[in-house]
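Accompanying notes for the structure given below.
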C-alpha cells in the first residue's frame with residue numbers, strides 16, 4: 001500500500017508546529033537559528049518521509065524571520081493584546097505562536113491572512129485546550145486588521161519584513 005503525499009496545507013501546518021517548537025527551544029536554551037534549523041532537520045526530521053511531510057522552506061523562513069524581527073513583532077503583539085496582558089508574561093509557547101503568526105502576517109503576503117490566523121489557532125489548539133486558541137485568534141485578527149488598515153502597525157511591520 002502506498003502512502004498518500006501530504007497536502008500543501010498539511011506540510012505548511014507541520015512547518016508551523018515545528019517552527020513553534022524550534023522557537024520555544026531557542027527561547028529556553030538560546031541558539032543560532034540556522035543551528036536550530038539544522039538540528040531539527042538532522043534529528044527530528046531525520047528520514048525522508050518526515051522531511052516530505054513538512055514545508056522546510058516555510059519552517060526555516062519562520063524560524064529565521066521571527067528571530068530577526070522578534071523585538072518589533074513583540075511591540076505589535078503588545079499593541080494587539082488586552083491592556084491587562086503583556087508579551088513578557090505570556091507562556092513561552094504562546095509567545096512563540098504569536099510571534100510566528102505575527103511574522104507570517106507581516107512578511108508572507110503570499111499566504112492569505114485569514115488562513116494564517118486559522119492555522120495558528122489550530123497550532124495553539126495542539127498545545128492548549130482552554131482559552132488560549134481564542135487569544136491567538138483575537139490577537140492575530142487585531143494585528144491583521146491593523147496591518148490591512150495601513151496604520152502604525154503596518155509601517156512597523158514593513159520594517160520588520162525588510163529585516164526578516
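Restricting attention to segment 112-119, does a residue exist that is modelled with pLDDT under 95, outside any helix (DSSP H, G or I) and within 19 Å of residue 8 (Cα to Cα)?
Within segment 112-119, one or more residues are modelled with pLDDT under 95, outside any helix (DSSP H, G or I) and within 19 Å of residue 8 (Cα to Cα).
Here is a check on your reading of the model: is residue 57 at pLDDT 90 or above, within 19 Å of residue 125 (Cα to Cα) and surrounded by fewer than 18 Cβ atoms within 10 Å (Cβ to Cβ)? Give the steps one after another, and end with the answer.
On the way: at pLDDT 90 or above: yes; within 19 Å of residue 125 (Cα to Cα): no; surrounded by fewer than 18 Cβ atoms within 10 Å (Cβ to Cβ): yes.
Criteria not met by residue 57.
Please work out if residue 122 is under 18 Å from residue 17 (Cα atoms), buried (at least 21 other Cβ atoms within 10 Å of the Cβ) and touching a residue at least 24 places away in the same chain (Cβ under 8 Å).
Numbers: under 18 Å from residue 17 (Cα atoms): yes; buried (at least 21 other Cβ atoms within 10 Å of the Cβ): no; touching a residue at least 24 places away in the same chain (Cβ under 8 Å): yes.
No.
Out of all the residues in segment 7-33, which are farther than 22 Å from residue 70 by Cβ and in a helix (DSSP H, G or I)? It would help to see each step written out before you state the result.
If we filter segment 7-33 for residues that are farther than 22 Å from residue 70 by Cβ, which is where we start, we get 7-11, 13-14.
Those that are farther than 22 Å from residue 70 by Cβ and in a helix (DSSP H, G or I): 8, 9, 10, 11, 13, 14.
Residue by residue through segment 63-73, note down the ones that are assigned to a helix (DSSP H, G or I) and modelled with pLDDT under 95. Show your work before the answer.
Of the residues in segment 63-73, the ones assigned to a helix (DSSP H, G or I) are 63-68, 70-73.
Of everything in segment 63-73, those that are assigned to a helix (DSSP H, G or I) and modelled with pLDDT under 95 turn out to be 70, 71, 72, 73.
Show the residue pairs that are 6+ apart or on different chains and have beta-carbon atoms under 8 Å apart, the first residue being within segment 25-37 and closer than 19 Å to residue 88 by Cβ, the second being part of a loop (DSSP other than H, G, I, E, B) and modelled with pLDDT under 95.
Correct list of pairs: 25/31.
For segment 86-95, check the following and say yes or no: at least one residue is closer than 14 Å to residue 17 by Cα, without any contact (Cβ under 8 Å) to a residue 60 or more places away in the chain and crowded, with 17+ Cβ neighbours inside 10 Å.
Yes, that holds for at least one residue.
The values are calculated or read from the model by the stated rules, or taken from the named source; none is laboratory data. Source: prediction; values computed, not measured. Because the Cβ atoms are built from the backbone with ideal geometry, glycine has one as well, and the counts that use them run over all protein chains shown.
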